Amino acid sequence: MTKQEVQNRVSQNGKPLDLSKFSWDASTNTFSSPEYNLVFDFKGINYCTFKTGFGCIFNTDSGCTFNTDSDCTFNTGSRCTFNDIKERCVLVRRDIFGTFVLPLNKSIKLNDYNISGFIEINKEPEIELIIKINGKESKFSLPVKKVNFLTYQKRH
């Protein structure tokens, strides 16, 4: 989908959102905008990612990921992911004909098609490494499961 095609699916105050107010990555189907009170008509389109401000209304299909602010309404299919949910967000699941308020400050993934509910996504634990070379300190955060710990043995 091109940025112009996306513009035809996103409105603000009843008008298509200006092209300068959002970015679209066609290779990952990612929409990004700090704008608020947007209305999205992505029904029939799966596996998109949305990064937006508050007060947005989303009509999408399955497998989408949402990184939004507060007061959003989501009309989606199954297997969608909601990251760090803010207050007053509501979800409508078309496949199960259900609605519920999304849990505050959690990240969740909706269950598969026709299965009500969701699972909470726990962020991977991280380890912070601090390396000091010639007095200059560098910090790195790495997921614990990807860190290989090396054991050095002292030879006598």
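The values are calculated or read from the model by the stated rules, or taken from the named source; none is laboratory data. Keep in mind that what you see is a predicted model, and the values were worked out from it rather than measured. Here the Cβ is made from the backbone with ideal geometry for all residues, glycine too, and neighbour counts use every protein chain on show.
General remarks:
- Candidate set from region 6-41 (those that are in contact with a Phe, Trp or Tyr (Cβ under 8 Å, 6 or more places away or on another chain), buried (at least 16 other Cβ atoms within 10 Å of the Cβ) and hydroxyl-bearing (S, T, Y)); member that is farthest from G53 (Cα to Cα): S33
To keep it simple, each residue is scored yes or no on (1) acidic (D, E); (2) modelled with pLDDT of 55 or more; (3) under 30 Å from D61 (Cβ atoms).
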| site | (1), (2), (3) |
| --- | --- |
| I115 | no, yes, yes |
| I119 | no, yes, yes |
| K123 | no, yes, yes |
| I133 | no, yes, no |
| K136 | no, yes, no |
| K146 | no, no, no |
| F149 | no, no, no |
| Q153 | no, no, no |
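- Residues that are surrounded by 17 or more Cβ atoms within 10 Å (Cβ to Cβ) and out of contact with any Ser or Thr (no Cβ under 7 Å at 6 or more places or on another chain), drawn from region 42-57: G55
- Of residues in region 74-111 being more than 15 Å from N59 (Cα to Cα) and among the β-branched types (V, I, T), the one surrounded by the most Cβ atoms within 10 Å (Cβ to Cβ): I85
Rundown of residues vs (1) polar (S, T, N, Q); (2) in contact (Cβ under 8 Å) with a residue 12 or more places away in the chain; (3) closer than 20 Å to K3 by Cα, yes/no style:
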| site | (1), (2), (3) |
| --- | --- |
| K51 | no, yes, yes |
| G63 | no, yes, no |
| C72 | no, yes, no |
| N83 | yes, yes, no |
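- Verdict on L129 being surrounded by 10 or more Cβ atoms within 10 Å (Cβ to Cβ), in a strand (DSSP E or B) and at pLDDT below 85: yes
- Residues in region 64-90 that are under 11 Å from the mean Cα position of the chain (by Cα), part of a loop (DSSP other than H, G, I, E, B) and either farther than 18 Å from P103 by Cα or of a type outside the set (A, V, I, L, M) (or both): C64, T68, D69, C80, N83, D84.
- Qualifying residue in region 53-60 (condition: of a type in the set (V, I, T), in a strand (DSSP E or B) and either without any contact (Cβ under 8 Å) to a residue 24 or more places away in the chain or in contact with a Gly (Cβ under 8 Å, 6 or more places away or on another chain) (or both)): yes
- Residues located in region 21-42, provided they are part of a loop (DSSP other than H, G, I, E, B), touching a residue at least 24 places away in the same chain (Cβ under 8 Å) and of a type outside the set (S, T, N, Q): A26, Y36
- Close pairs (7 angstrom Cβ cut-off, 6 or more residues apart or separate chains): among the small types (G, A, S) in region 114-127, at pLDDT 65 or above anywhere: S116/I96; S116/G98; G117/N111
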